[in-house]
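Quick note: the coordinates plus some simple rules give every number you see, no bench work behind them. Because the structure is a prediction, the values reported are computed rather than measured. Virtual Cβ from ideal backbone geometry, glycine too; neighbours counted across all protein chains shown.
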C-alpha cells in the first residue's frame, strides 16, 4: 500500500483576514496536490506579522510532509514572508545570484532594479528557487517548505513548476452522486456504508436551492478506486430505496 | 482608546481541504466582524476529525476574544462538530429541549423527526442556541465559541443574528487608492508613510491585468479614521510624484 503524503497550506496576508480578498489559492493548491496523491490536511491563514508566520510555519513543517505558503514575497514593506521563513529556519537572507540575474534580464538592466525589486532577490541562504514564468521574481524552497506568490495566476504557475518534483502518495479518489433528497432521510444508511468499507469516507453536502427543495451531494473518498466505486453504488441504491432519483455528477 | 477585540475562524470540513468546495465563509465573517470592530487574526481549516477539531478550538478559544466555527452540524455521520466542541469543553451532548421543539414545529410533528434530524437537537449542555431562520436546526454558543452551519446562506443568517450581541471594539477603518504603477516604484515611499503614522498599516496589492500592465491597489488600515485619511492622501501624492495617475476605489 502506498504511503499517505500530507501537506499544509499557509496563506499569508492582511487582505485575506480583513475580508478584502477572497482566497482561492487553498482550493487551487488542494486540487493540484490531490491529483499528485498529496492530501492537504490543514490550512492556516495569518496576517503579515513576522512572529506569527514563524510560529505557524514551524508547527506545520514538522507535522506534514510538505508546507505550501502563498503571499508576502513582493517588493513592498508589507511583504514579510521571506524574512519570516529565513528566521523560522535560523537562516539569513542574502541576495541570490540566480534570482538577481533573472531580475536583471526581466527589467532590462541593473539600472532598472530599484530597492523594491532588489528585495525580491533576497532569498534565505541554501534555498532552491521556484520559477515564476509570469513576472520573474521567484519563489523558493527550504527543506519541505514551498514559498510562493499570493497572486493566483503566479501561484498557479509556480505550483505547475514544482508539482512534477513532489513525491506523490496514494491518490484519494472521489466519486459522487446527487439527489433531491433531504440528507437526514439517508443519514443512517450513509453511516452504515462508511462503516462497511475500510478506508473510505462518505461526505454529505446539502445545498439550498432557491425553491427550498432539498438537494444533497454524496461524495465517497478513498485510495482504492474499486472500493470507492462499490460504495458509491451502495449510496445510489440507498437513495433509490428511499424513493428518490439519483443523478450522477462529475467528481 | 477602545480595546482591540480579536477573533479566529475555524472552518471544518473535508470538502474544503480536498478542494471540492471553495470556502467563502471566511470572507463573509471577516467583513461582518470588521464592521463591528472585531478583527479576525487567524483562520484554520481542518477536516471532519474530532481530535483535530478539539485541538484547534482549544488553542483558538484561549488566544482570541471570539471563535467562529462553520460546518459539521448537520444530520449525517460526517457532521462531528457538536461532539467535538462538547469534548473540547469537557461537556456532554444532550437533547436540547428548545432545539427539539423548533425541529418538531419545522418538520410538522415528532413523527417526522428521524434520527438524523434528532441529531441536530443534540447540543452541548449549557450552550445557548443560535437561531437558524433558513432551515431551523440551530447553531450554538459555548463561552466564546460560536458554532455555525457551513452552508453560506445559513451561516450568514446565523451571523446576522449573533452580531448585535457581540462586544465590538475599535473599528479598523480602511481607505484605498489604485494606480497603474508597478509597486516596486513606490515601495520605499510606502514604507516611509507607514512609519510616519502610529497605528496604521499600508498594504500593497498588485494585480496582473490581461495586457500585463501593472496595476496596484494601496490600502491604508487603522482605527483612527483621520490618520488613515491623512496617510492615504500621502500615498496618493507619492503615486503622483512618481508620474502616475491616481484612481480612487471604494474601500
- Message: Between helix B:152-162 and chain B, what is the angle of the helix's C-alpha long axis to the longest principal axis, kept within 0 to 90° and rounded to the nearest 10?
- Response: 90 degrees
- Query: Nearest-5 percent of antiparallel DSSP beta bridges in the protein assembly as shown?
  - Reply: 65 percent
- Message: Only counting other Cβ atoms within 10 Å, I'd like B:61, A:36, B:95, A:44 sorted with the fewest neighbours first.
- Response: B:95, A:36, B:61, A:44
- Note down the nm distance, to one decimal, between modelled labels 7 Å out along Cα→Cβ at residue A:240 and at residue B:180. 6.0 nm
- Query: Over what distance in Å are the Cα centres of region B:81-132 and region B:201-251 separated?
  - Reply: 48 Å
- Hey, quick one: spin label on residue B:163, modelled 7 Å out along Cα-Cβ, who in region B:17-39 has an amide N within reach, i.e. under 19 Å? B:24-39
- Please work out the Kirkwood hydrodynamic radius for region A:95-138, using every pair of different C-alpha atoms, and report it in angstroms with one decimal place. 10.4 Å
- Task: Please label the shape of chain A as rounded, prolate or oblate, based on the square roots a ≥ b ≥ c of the eigenvalues of the alpha-carbon gyration tensor (a/c under 1.5 means rounded; beyond that, a/b larger than b/c means prolate, else oblate).
- Result: prolate
- Item | Identity and axial distance of the chain A residue whose Cβ lies nearest the axis relating A to B, Å | A:44, 3
- Taking Cα atoms, the helix B:183-196 axis meets the longest principal axis of chain B at an angle in degrees (rounded to 10) of 80 degrees
- Note on the structure: If B:246, A:105 are placed from fewest to most neighbouring beta carbons inside 10 Å, the sequence is A:105, B:246
- Query: Considering the zone a paramagnetic label at residue A:4 would reach in this model (a point 7 Å from Cα along the Cα-to-Cβ line), which residues of region B:1-42 have amide N under 20 Å from it?
  - Reply: B:11-21
- Tilt of helix A:25-35 relative to the longest C-alpha principal axis of chain A, in degrees (0 to 90, nearest 10)? 70 degrees
- Quick one: of the DSSP bridges fully inside chain B, what percent are antiparallel, nearest 5? 60 percent
- Given 10 °C and 1.306 mPa s, how large is the Stokes-Einstein diffusion coefficient of the protein assembly as shown in µm²/s, with Rh as the Kirkwood radius over Cα pairs? 65 µm²/s
- Query: Taking the label point as lying 7 angstrom from Cα along the Cα-to-Cβ axis, what are the distances from residue B:109 to the corresponding position in the remaining copies, in ascending order and in nanometres?
  - Reply: 8.6
- Task: Quickly estimate the mean residue ellipticity at 222 nm for the protein assembly as shown, helices only: each DSSP H run with n ≥ 4 gives -39500 (n - 2.57), and the total goes over all residues, rounded to 500.
- Result: -11000 deg cm²/dmol
- Order of A:102, A:221 under a 10 Å beta carbon neighbour criterion, fewest first: A:102, A:221
- Message: Assume the label is 7 Å from Cα along Cα to beta carbon: what separations in nm does residue A:198 have to the matching positions in the other copies?
- Response: 6.5
